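The values are calculated or read from the model by the stated rules, or taken from the named source; none is laboratory data. As the structure is a prediction and not an experimental result, all values here were calculated from the model. Note: ideal-geometry Cβ built from the backbone for every residue, glycine included; neighbour counts use all protein chains shown. These accessible areas exclude ligands, DNA and RNA; they are computed on the full protein's heavy atoms, side chains included. Shrake-Rupley method; radii C 1.70, N 1.55, O 1.52, S 1.80 Å.
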Amino acid sequence: MYFNHSYNTNGFQYVNHPYYRQHPYHTYNSHYDNYNRQQPVRGQATWTEGGQVTQCGIPWSENRYMTVAVGKNSPYQCGQTIKVRNQKTGRELLVTVVDEVAGYPQNRINLHRRAFEALGANTAQGVIDVEIIADPELEQQKWGKYLLELAQLAYPGYNVSEYNFIRKTQVSPTQTRETYEYILQSQQERITVRGNVVYNPNTDRIVSFDISEV
């Protein structure tokens, strides 16, 4: 299977999609440095069907239900993307924080059922051992986050398990290109998708972007 998308700002139908707007809940604790955020935290995950209202004001359906609730006093913030690894299967998943629960310890999370199952877990288990990895680069590199959402829209049956920044190139004084790679996992296969975004650094507007399998 080969899948390729190439769009410009005049024809791209998702430019005004809410995925492509800066989320108002992206805030972080300044004392929680990058080194610590990269270290896996061993803990446990349960699952939920979610609800209509969340403490973050973000629906459980965000990110195609790849969502999670965290402890109210944990270092993970509303709208943040974190990586969760099933310690038994080794399967990883990027999930979005959409809810906060008072009294939860920092190493306990509550995944939406679809995310729980995407990690290779059976809901009958109720609870699984996981590693939680906060990835600050995912939020800092906003164009990579835009391409991440595009990849999820283009491959609805896949979950993004890995995210890598490849390079940044100055094309001209008014155009900068950034390249990212994503590992997408389905029940049947694992594929790598590469995305490029060209934007004007002076106006912060997208000129064009594309994604393709590699």
Query raised in the report: Just how far, in whole angstrom, is segment 185-214 from segment 64-117 if you go by their alpha carbon centroids?
Result: 25
Requested in this report: Could you look at segment 88-214 and say what percent of its accessible area is carbon and sulfur, using a 1.4 Å probe and all protein chains?
Outcome: 41
Query raised in the report: For Q106 and V207 in the same chain, what is the full-extension length gain: residue separation times 0.36 nm, less their Cα-Cα distance, in nm?
Result: 32.3 nm
**Report entry** Solvent-accessible heavy-atom area per residue, rounded to whole Å², over segment 79-214 at 1.4 Å
**Finding:** 42
**Report entry** Loop-resident sites, segment 129-204, for GluC sites (Glu not before Pro), counting at most 14 other Cβ within 10 Å (DSSP)
**Finding:** E189
Report summary line: Per the rule of 0.36 nm per residue minus the C-alpha distance, extending N73 to K88 adds in nm 2.7 nm
Query raised in the report: With Rg and the Kirkwood Rh both taken from Cα atoms, where does Rg over Rh land for segment 87-214?
Result: 1.04
Report task. Please list, or write none, the lysines whose alpha carbon is within less than 21 Å of the alpha carbon of K168, excluding same-chain residues fewer than 8 places away. Result -> K142, K145
Query raised in the report: Loop-only check: which trypsin sites (Lys or Arg not before Pro) in segment 50-130 are DSSP coil with at most 12 other Cβ within 10 angstrom?
Result: K72
